[in-house]
Amino acid sequence: MLRVVEHAHRTDTGRQRPANEDSFLARSPLFAVADGMGGAQAGEVASRMAVDVLQEGLGAGNGTVAERLTDQVATANSRIFERSRTDQGNAGMGTTLTAAYVDTEELVVVHVGDSRLYRYRAATLERLTDDHSLVEELVRQGRLTPEEAAEHPQRSIITRALGPESEVAIDSAVMAVEDDDLFLLCSDGLTTMVHDDQIADLLGAGETLAERADALVDAANAAGGRDNITVLLFRVERTGASPAPAAAAGDEPTEPTEAPAATLAGVASTPAQPTAVMPAVTISPNGPETTDDAISGDDVDGTREPRRKKRRGVRAGPFVVLFLVFCLGVGAFFASQTVYFIGNDRGLVTVYRGLPYELPFGVKLYTPNYYSSVPVNTLEEAQRERLLDHRVRSLDDANDLVSKLERGEVVTP
Ligand code: CA
(Lines give C-alpha, C1' and ligand atoms only; values in the text may rest on other atoms or scores of the structure.)
Protein backbone atom coordinates (compact mmCIF):
# COMPACT_ATOMS: atom_id res chain seq x y z
CA MET A 1 0.00 0.00 0.00
CA LEU A 2 1.44 3.35 -1.01
CA ARG A 3 1.07 6.54 0.94
CA VAL A 4 2.35 10.04 0.31
CA VAL A 5 4.15 11.01 3.50
CA GLU A 6 5.44 14.44 2.58
CA HIS A 7 5.10 16.89 -0.27
CA ALA A 8 6.21 20.40 -1.06
CA HIS A 9 6.14 22.78 -3.98
CA ARG A 10 7.37 26.12 -5.12
CA THR A 11 6.66 28.14 -8.21
CA ASP A 12 8.53 31.23 -9.26
CA THR A 13 8.36 33.70 -12.15
CA GLY A 14 12.12 33.53 -12.61
CA ARG A 15 14.27 36.51 -13.43
CA GLN A 16 13.32 37.38 -16.98
CA ARG A 17 9.66 36.69 -17.62
CA PRO A 18 7.05 39.30 -16.77
CA ALA A 19 4.55 36.75 -15.43
CA ASN A 20 4.33 33.18 -14.25
CA GLU A 21 2.44 31.04 -16.76
CA ASP A 22 3.06 27.76 -14.93
CA SER A 23 0.30 26.13 -12.90
CA PHE A 24 0.42 23.16 -10.60
CA LEU A 25 -1.75 20.88 -8.55
CA ALA A 26 -0.59 19.40 -5.24
CA ARG A 27 -3.56 17.56 -3.88
CA SER A 28 -2.33 14.23 -2.65
CA PRO A 29 -2.48 11.64 -4.17
CA LEU A 30 -2.61 13.67 -7.39
CA PHE A 31 0.21 15.99 -8.43
CA ALA A 32 0.62 17.90 -11.67
CA VAL A 33 2.66 20.61 -13.35
CA ALA A 34 1.46 22.57 -16.40
CA ASP A 35 3.62 25.03 -18.32
CA GLY A 36 1.49 27.39 -20.35
CA MET A 37 2.47 29.24 -23.49
CA GLY A 38 0.91 31.83 -25.71
CA GLY A 39 0.80 35.57 -25.99
CA ALA A 40 -0.22 37.93 -23.21
CA GLN A 41 -1.88 35.98 -20.40
CA ALA A 42 -2.96 33.10 -22.64
CA GLY A 43 -0.36 30.66 -21.33
CA GLU A 44 -1.54 31.20 -17.81
CA VAL A 45 -5.13 30.58 -18.88
CA ALA A 46 -4.19 27.33 -20.64
CA SER A 47 -2.11 25.90 -17.80
CA ARG A 48 -4.78 26.88 -15.27
CA MET A 49 -7.49 25.21 -17.33
CA ALA A 50 -5.47 21.99 -17.53
CA VAL A 51 -4.98 21.87 -13.78
CA ASP A 52 -8.61 22.76 -13.13
CA VAL A 53 -9.81 19.81 -15.16
CA LEU A 54 -7.63 17.50 -13.06
CA GLN A 55 -9.04 19.07 -9.92
CA GLU A 56 -12.43 17.78 -10.93
CA GLY A 57 -11.20 14.29 -10.12
CA LEU A 58 -10.83 11.15 -12.11
CA GLY A 59 -14.42 10.89 -13.11
CA ALA A 60 -16.83 8.13 -12.32
CA GLY A 61 -16.26 6.15 -15.46
CA ASN A 62 -15.09 2.59 -15.69
CA GLY A 63 -11.57 1.76 -16.63
CA THR A 64 -8.22 1.86 -14.94
CA VAL A 65 -6.83 4.92 -13.21
CA ALA A 66 -4.51 5.41 -16.17
CA GLU A 67 -7.43 5.37 -18.59
CA ARG A 68 -9.49 7.78 -16.52
CA LEU A 69 -6.60 10.13 -16.01
CA THR A 70 -5.89 10.05 -19.72
CA ASP A 71 -9.55 10.84 -20.36
CA GLN A 72 -9.25 13.87 -18.10
CA VAL A 73 -6.23 15.12 -20.00
CA ALA A 74 -8.08 14.66 -23.29
CA THR A 75 -10.96 16.66 -21.82
CA ALA A 76 -8.53 19.39 -20.81
CA ASN A 77 -7.19 19.46 -24.35
CA SER A 78 -10.69 19.81 -25.82
CA ARG A 79 -11.60 22.63 -23.48
CA ILE A 80 -8.42 24.58 -24.11
CA PHE A 81 -8.75 24.05 -27.85
CA GLU A 82 -12.36 25.26 -27.85
CA ARG A 83 -11.55 28.26 -25.72
CA SER A 84 -8.66 29.25 -27.95
CA ARG A 85 -10.97 29.08 -30.96
CA THR A 86 -13.77 31.12 -29.47
CA ASP A 87 -11.81 33.59 -27.38
CA GLN A 88 -9.63 35.72 -29.60
CA GLY A 89 -7.50 36.95 -26.72
CA ASN A 90 -6.40 33.39 -26.11
CA ALA A 91 -6.00 32.19 -29.69
CA GLY A 92 -3.16 29.74 -30.11
CA MET A 93 -2.61 29.09 -26.44
CA GLY A 94 -1.28 25.78 -25.21
CA THR A 95 0.19 24.06 -22.22
CA THR A 96 2.24 21.08 -21.20
CA LEU A 97 0.82 18.77 -18.57
CA THR A 98 2.63 16.13 -16.56
CA ALA A 99 0.61 14.51 -13.81
CA ALA A 100 1.29 11.70 -11.34
CA TYR A 101 -1.29 9.85 -9.29
CA VAL A 102 -0.15 7.72 -6.35
CA ASP A 103 -2.47 4.75 -6.62
CA THR A 104 -2.62 2.03 -3.99
CA GLU A 105 0.26 0.02 -5.45
CA GLU A 106 1.74 1.99 -8.33
CA LEU A 107 2.34 5.42 -9.69
CA VAL A 108 0.19 6.40 -12.67
CA VAL A 109 1.69 9.03 -14.96
CA VAL A 110 0.18 10.99 -17.85
CA HIS A 111 2.28 13.37 -19.86
CA VAL A 112 2.24 15.79 -22.79
CA GLY A 113 5.05 18.25 -23.53
CA ASP A 114 8.40 18.93 -21.90
CA SER A 115 7.62 19.25 -18.22
CA ARG A 116 9.26 16.33 -16.51
CA LEU A 117 8.86 13.67 -13.85
CA TYR A 118 11.98 12.39 -12.09
CA ARG A 119 12.44 9.74 -9.45
CA TYR A 120 15.14 10.05 -6.82
CA ARG A 121 15.84 6.62 -5.37
CA ALA A 122 18.89 5.54 -3.39
CA ALA A 123 20.72 8.76 -4.23
CA THR A 124 20.18 8.24 -7.94
CA LEU A 125 18.11 10.53 -10.11
CA GLU A 126 16.25 9.08 -13.04
CA ARG A 127 14.01 10.85 -15.53
CA LEU A 128 10.76 8.98 -16.10
CA THR A 129 9.22 11.01 -18.95
CA ASP A 130 10.31 11.69 -22.50
CA ASP A 131 10.25 15.31 -23.59
CA HIS A 132 7.97 15.94 -26.54
CA SER A 133 10.41 18.47 -27.86
CA LEU A 134 12.19 19.11 -31.11
CA VAL A 135 15.66 18.53 -29.67
CA GLU A 136 14.67 15.29 -27.99
CA GLU A 137 13.23 14.05 -31.29
CA LEU A 138 16.61 14.86 -32.84
CA VAL A 139 18.40 12.98 -30.06
CA ARG A 140 16.14 9.98 -30.64
CA GLN A 141 17.05 10.12 -34.32
CA GLY A 142 20.74 10.26 -33.44
CA ARG A 143 21.12 13.73 -34.92
CA LEU A 144 22.05 15.45 -31.69
CA THR A 145 23.80 14.20 -28.59
CA PRO A 146 22.05 14.79 -25.26
CA GLU A 147 24.78 17.31 -24.45
CA GLU A 148 24.14 19.23 -27.68
CA ALA A 149 20.41 19.13 -27.01
CA ALA A 150 20.87 20.61 -23.55
CA GLU A 151 22.57 23.66 -25.03
CA HIS A 152 20.57 23.90 -28.23
CA PRO A 153 19.02 27.31 -28.95
CA GLN A 154 15.74 25.67 -30.00
CA ARG A 155 15.48 23.43 -26.95
CA SER A 156 12.25 25.07 -25.82
CA ILE A 157 10.31 24.15 -28.95
CA ILE A 158 7.84 21.44 -28.05
CA THR A 159 6.17 19.08 -30.44
CA ARG A 160 3.08 18.28 -28.40
CA ALA A 161 0.92 20.40 -26.13
CA LEU A 162 -2.65 20.63 -24.92
CA GLY A 163 -4.67 23.20 -26.82
CA PRO A 164 -3.29 23.79 -30.30
CA GLU A 165 -5.12 20.83 -31.91
CA SER A 166 -8.49 19.20 -31.36
CA GLU A 167 -6.80 15.93 -30.47
CA VAL A 168 -3.48 15.15 -28.86
CA ALA A 169 -1.47 12.01 -28.23
CA ILE A 170 -1.13 11.47 -24.48
CA ASP A 171 1.61 9.32 -22.97
CA SER A 172 0.50 7.27 -20.00
CA ALA A 173 2.45 4.83 -17.88
CA VAL A 174 2.06 2.79 -14.73
CA MET A 175 5.25 2.61 -12.71
CA ALA A 176 6.38 0.52 -9.77
CA VAL A 177 7.23 2.38 -6.57
CA GLU A 178 9.55 1.44 -3.74
CA ASP A 179 9.45 2.56 -0.16
CA ASP A 180 10.93 6.06 0.28
CA ASP A 181 10.95 6.97 -3.41
CA LEU A 182 11.05 10.73 -3.91
CA PHE A 183 9.44 12.18 -7.04
CA LEU A 184 10.04 15.54 -8.68
CA LEU A 185 7.63 17.15 -11.14
CA CYS A 186 8.96 20.31 -12.75
CA SER A 187 8.62 22.73 -15.63
CA ASP A 188 11.46 23.33 -18.06
CA GLY A 189 12.36 26.54 -16.26
CA LEU A 190 14.22 24.22 -13.89
CA THR A 191 15.68 21.71 -16.32
CA THR A 192 16.96 24.18 -18.91
CA MET A 193 18.83 26.03 -16.17
CA VAL A 194 20.02 23.26 -13.85
CA HIS A 195 21.75 20.04 -14.95
CA ASP A 196 20.46 16.70 -13.73
CA ASP A 197 23.63 16.16 -11.70
CA GLN A 198 23.00 19.31 -9.75
CA ILE A 199 19.32 18.47 -9.31
CA ALA A 200 20.41 15.13 -7.82
CA ASP A 201 22.82 16.86 -5.46
CA LEU A 202 20.16 19.28 -4.27
CA LEU A 203 17.63 16.49 -3.74
CA GLY A 204 20.18 14.65 -1.62
CA ALA A 205 20.71 17.63 0.65
CA GLY A 206 18.30 19.54 2.88
CA GLU A 207 16.16 18.37 5.75
CA THR A 208 12.65 18.91 4.48
CA LEU A 209 11.17 18.72 1.02
CA ALA A 210 10.29 22.41 1.27
CA GLU A 211 13.97 23.22 1.70
CA ARG A 212 14.86 21.13 -1.32
CA ALA A 213 12.15 22.76 -3.43
CA ASP A 214 13.53 26.15 -2.46
CA ALA A 215 17.07 25.06 -3.28
CA LEU A 216 16.03 23.89 -6.76
CA VAL A 217 14.25 27.15 -7.59
CA ASP A 218 17.13 29.17 -6.19
CA ALA A 219 19.59 27.23 -8.35
CA ALA A 220 17.53 27.93 -11.50
CA ASN A 221 17.42 31.63 -10.67
CA ALA A 222 21.12 31.69 -9.87
CA ALA A 223 21.76 30.23 -13.34
CA GLY A 224 19.78 33.05 -14.94
CA GLY A 225 16.13 32.21 -14.28
CA ARG A 226 15.23 32.63 -17.94
CA ASP A 227 11.82 31.01 -17.59
CA ASN A 228 9.13 30.35 -15.01
CA ILE A 229 10.19 27.65 -12.57
CA THR A 230 7.86 25.20 -10.89
CA VAL A 231 8.99 22.27 -8.76
CA LEU A 232 6.80 19.84 -6.90
CA LEU A 233 8.22 17.12 -4.66
CA PHE A 234 6.47 14.17 -3.07
CA ARG A 235 7.83 11.26 -1.10
CA VAL A 236 6.05 7.93 -1.02
CA GLU A 237 6.09 5.28 1.67
CA ARG A 238 5.11 1.68 1.19
CA THR A 239 3.25 0.33 4.18
CA GLY A 240 1.82 -3.00 5.17
CA ALA A 241 2.74 -5.83 2.88
CA SER A 242 6.26 -6.08 1.57
CA PRO A 243 6.91 -4.46 -1.77
CA ALA A 244 4.81 -6.00 -4.44
CA PRO A 245 6.66 -8.36 -6.79
CA ALA A 246 5.87 -5.84 -9.45
CA ALA A 247 8.40 -3.50 -7.91
CA ALA A 248 11.08 -5.34 -9.82
CA ALA A 249 9.83 -3.66 -12.92
CA GLY A 250 10.87 -0.40 -11.36
CA ASP A 251 14.39 -1.20 -12.43
CA GLU A 252 13.43 -0.14 -15.89
CA PRO A 253 11.44 2.99 -15.28
CA THR A 254 12.23 4.48 -18.63
CA GLU A 255 10.60 1.50 -20.27
CA PRO A 256 7.17 1.74 -18.79
CA THR A 257 5.92 -0.93 -21.12
CA GLU A 258 7.73 -3.41 -18.90
CA ALA A 259 5.96 -2.32 -15.76
CA PRO A 260 2.87 -4.21 -14.62
CA ALA A 261 -0.15 -3.34 -16.66
CA ALA A 262 2.11 -0.81 -18.23
CA THR A 263 1.08 1.36 -21.03
CA LEU A 264 2.81 4.08 -22.89
CA ALA A 265 -0.03 4.63 -25.14
CA GLY A 266 -0.80 7.34 -27.57
CA VAL A 267 -4.53 7.53 -27.30
CA ALA A 268 -5.37 9.92 -30.06
CA SER A 269 -4.20 10.97 -33.43
CA THR A 270 -1.44 13.27 -34.62
CA PRO A 271 1.57 11.70 -32.97
CA ALA A 272 3.44 11.27 -36.21
CA GLN A 273 4.40 14.83 -36.96
CA PRO A 274 5.60 17.56 -34.71
CA THR A 275 2.63 19.71 -35.46
CA ALA A 276 1.30 20.63 -32.11
CA VAL A 277 2.76 23.97 -31.27
CA MET A 278 4.57 25.17 -34.31
CA PRO A 279 3.28 28.12 -36.24
CA ALA A 280 0.91 27.36 -39.05
CA VAL A 281 2.38 26.77 -42.46
CA THR A 282 1.11 28.05 -45.74
CA ILE A 283 1.61 25.88 -48.75
CA SER A 284 1.71 27.49 -52.12
CA PRO A 285 1.09 25.66 -55.37
CA ASN A 286 4.81 25.63 -56.00
CA GLY A 287 5.58 23.88 -52.80
CA PRO A 288 6.05 24.95 -49.24
CA GLU A 289 6.22 28.65 -48.87
CA THR A 290 9.41 30.27 -47.79
CA THR A 291 8.68 32.46 -44.84
CA ASP A 292 10.81 34.16 -42.28
CA ASP A 293 8.70 33.10 -39.35
CA ALA A 294 11.06 32.71 -36.48
CA ILE A 295 10.18 30.00 -34.06
CA SER A 296 11.06 31.27 -30.69
CA GLY A 297 11.15 29.45 -27.45
CA ASP A 298 7.89 29.31 -25.65
CA ASP A 299 6.29 32.09 -27.57
CA VAL A 300 3.73 30.16 -29.39
CA ASP A 301 1.62 32.64 -31.15
CA GLY A 302 1.33 30.71 -34.38
CA THR A 303 -2.36 30.90 -34.66
CA ARG A 304 -3.47 27.93 -36.58
CA GLU A 305 -5.93 28.91 -39.20
CA PRO A 306 -8.96 26.72 -39.39
CA ARG A 307 -8.45 24.46 -42.32
CA ARG A 308 -10.08 26.03 -45.28
CA LYS A 309 -12.63 23.95 -46.97
CA LYS A 310 -11.67 23.27 -50.50
CA ARG A 311 -14.16 24.60 -52.96
CA ARG A 312 -15.22 22.08 -55.41
CA GLY A 313 -16.66 23.26 -58.68
CA VAL A 314 -17.16 19.97 -60.40
CA ARG A 315 -20.09 19.88 -62.75
CA ALA A 316 -21.49 16.96 -64.65
CA GLY A 317 -19.48 16.66 -67.81
CA PRO A 318 -15.73 16.91 -67.42
CA PHE A 319 -15.38 13.46 -65.96
CA VAL A 320 -12.90 12.51 -68.62
CA VAL A 321 -10.67 15.35 -67.53
CA LEU A 322 -11.13 14.33 -63.93
CA PHE A 323 -10.21 10.78 -64.74
CA LEU A 324 -7.07 11.87 -66.58
CA VAL A 325 -6.08 14.10 -63.69
CA PHE A 326 -6.68 11.19 -61.36
CA CYS A 327 -4.45 8.88 -63.40
CA LEU A 328 -1.82 11.55 -63.64
CA GLY A 329 -2.06 12.08 -59.92
CA VAL A 330 -1.70 8.42 -59.08
CA GLY A 331 1.28 8.07 -61.39
CA ALA A 332 2.91 11.23 -60.11
CA PHE A 333 2.26 10.21 -56.54
CA PHE A 334 4.12 6.92 -56.88
CA ALA A 335 6.91 8.55 -58.87
CA SER A 336 7.23 11.25 -56.27
CA GLN A 337 7.67 8.99 -53.30
CA THR A 338 11.28 8.10 -54.01
CA VAL A 339 12.59 11.65 -54.34
CA TYR A 340 13.16 14.38 -51.84
CA PHE A 341 13.68 18.11 -51.72
CA ILE A 342 14.53 20.72 -49.14
CA GLY A 343 12.10 23.44 -48.22
CA ASN A 344 10.77 25.55 -45.42
CA ASP A 345 8.09 24.33 -43.07
CA ARG A 346 7.06 26.63 -40.23
CA GLY A 347 10.32 28.48 -40.45
CA LEU A 348 12.52 25.38 -40.18
CA VAL A 349 14.67 23.87 -42.91
CA THR A 350 12.74 20.72 -43.76
CA VAL A 351 13.35 17.66 -45.90
CA TYR A 352 10.25 16.75 -47.89
CA ARG A 353 9.56 13.46 -49.56
CA GLY A 354 8.00 13.84 -52.97
CA LEU A 355 7.88 16.53 -55.60
CA PRO A 356 7.39 20.22 -54.89
CA TYR A 357 4.07 20.41 -56.72
CA GLU A 358 0.43 20.41 -55.95
CA LEU A 359 -2.10 18.87 -58.29
CA PRO A 360 -5.58 20.23 -58.85
CA PHE A 361 -8.02 19.66 -56.00
CA GLY A 362 -5.29 20.18 -53.45
CA VAL A 363 -3.48 16.89 -53.99
CA LYS A 364 0.02 17.49 -52.72
CA LEU A 365 2.88 15.47 -54.06
CA TYR A 366 5.00 15.95 -50.97
CA THR A 367 4.97 15.36 -47.26
CA PRO A 368 7.41 16.60 -44.63
CA ASN A 369 9.93 13.86 -43.95
CA TYR A 370 12.22 15.52 -41.45
CA TYR A 371 12.15 18.83 -39.60
CA SER A 372 15.66 20.08 -38.99
CA SER A 373 16.58 22.19 -36.01
CA VAL A 374 17.74 25.02 -38.24
CA PRO A 375 15.52 28.09 -38.57
CA VAL A 376 15.45 29.32 -42.16
CA ASN A 377 16.01 32.88 -41.08
CA THR A 378 19.43 32.00 -39.69
CA LEU A 379 20.68 31.16 -43.21
CA GLU A 380 22.40 33.74 -45.29
CA GLU A 381 20.39 34.94 -48.26
CA ALA A 382 22.52 33.25 -50.91
CA GLN A 383 22.58 29.97 -49.05
CA ARG A 384 18.88 30.13 -48.46
CA GLU A 385 18.22 30.54 -52.16
CA ARG A 386 20.50 27.70 -53.12
CA LEU A 387 19.34 25.32 -50.45
CA LEU A 388 15.60 25.94 -50.63
CA ASP A 389 15.45 25.79 -54.40
CA HIS A 390 13.16 22.74 -54.30
CA ARG A 391 15.67 20.84 -56.40
CA VAL A 392 14.91 17.14 -56.40
CA ARG A 393 17.50 15.18 -54.44
CA SER A 394 18.13 11.71 -53.12
CA LEU A 395 17.31 11.08 -49.49
CA ASP A 396 20.99 10.72 -48.63
CA ASP A 397 21.84 13.98 -50.34
CA ALA A 398 19.06 15.88 -48.60
CA ASN A 399 19.82 14.38 -45.19
CA ASP A 400 23.52 15.00 -45.60
CA LEU A 401 23.00 18.68 -46.38
CA VAL A 402 20.62 19.17 -43.49
CA SER A 403 22.89 17.29 -41.06
CA LYS A 404 25.74 19.57 -42.02
CA LEU A 405 23.56 22.60 -41.44
CA GLU A 406 22.62 21.30 -38.00
CA ARG A 407 26.27 20.83 -37.13
CA GLY A 408 26.97 24.38 -38.24
CA GLU A 409 29.16 23.31 -41.16
CA VAL A 410 29.35 25.29 -44.36
CA VAL A 411 27.00 23.85 -46.91
CA THR A 412 27.47 24.01 -50.65
CA PRO A 413 24.30 22.58 -52.09
CA1 CA B 1 8.50 27.02 -19.60
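The values are calculated or read from the model by the stated rules, or taken from the named source; none is laboratory data. The shown structure was predicted, so the numbers you read here are calculated from the model rather than taken from an experiment. When we count neighbours, we look across all protein chains shown, and the Cβ atoms used for this are built from the backbone with ideal geometry, even at glycine.
What residue, of Val109, Val135, is on the phi < 0 side of the Ramachandran plot and modelled with pLDDT of 95 or more? Working first, answer last.
Details: Val135 fails: modelled with pLDDT of 95 or more.
The conditions single out Val109.
Inspection of the stretch 145-156 identifies no residue that is aliphatic (A, V, I, L, M) and touching a strand residue (DSSP E or B) at 6+ places or on another chain (Cβ under 7 Å). Restricting attention to the stretch 125-136, the residues that are of a type in the set (A, V, I, L, M), more than 16 Å from the ligand (Cβ to nearest atom) and either within 12 Å of the chain's Cα centre (by Cα) or under 18 Å from Ala34 (Cβ atoms) (or both) total 1. When the helices (runs of 4 or more DSSP H) confined to the stretch 137-240 are screened for residues that are away from the ligand (no atom under 15 Å from the Cβ) and either surrounded by fewer than 20 Cβ atoms within 10 Å (Cβ to Cβ) or in contact (Cβ under 8 Å) with a residue 24 or more places away in the chain (or both), those reaching at least 1 such residues are found at 146-151, 196-204, 209-222.
When you look at Val53, is it touching a residue at least 60 places away in the same chain (Cβ under 8 Å) and hydrophobic (A, V, I, L, M, F, W, C), yes or no? Please lay out each step first, then the result.
Values: touching a residue at least 60 places away in the same chain (Cβ under 8 Å): no; hydrophobic (A, V, I, L, M, F, W, C): yes.
It is false that Val53 is touching a residue at least 60 places away in the same chain (Cβ under 8 Å) and hydrophobic (A, V, I, L, M, F, W, C).
Please indicate, with yes or no, whether at least one residue in the stretch 72-93 is surrounded by fewer than 20 Cβ atoms within 10 Å (Cβ to Cβ) and touching a Pro at 6+ places or on another chain (Cβ under 9 Å). Yes, the conditions are met somewhere in the stretch 72-93. Within this structure, Glu148 fails the test of being over 30 Å from Thr75 (Cβ atoms) and touching a Gly at 6+ places or on another chain (Cβ under 7 Å).
Residues in the stretch 86-123 that are in contact (Cβ under 8 Å) with a residue 60 or more places away in the chain, charged (D, E, K, R) and away from the ligand (no atom under 16 Å from the Cβ): Asp103, Glu105, Glu106, Arg119, Arg121.
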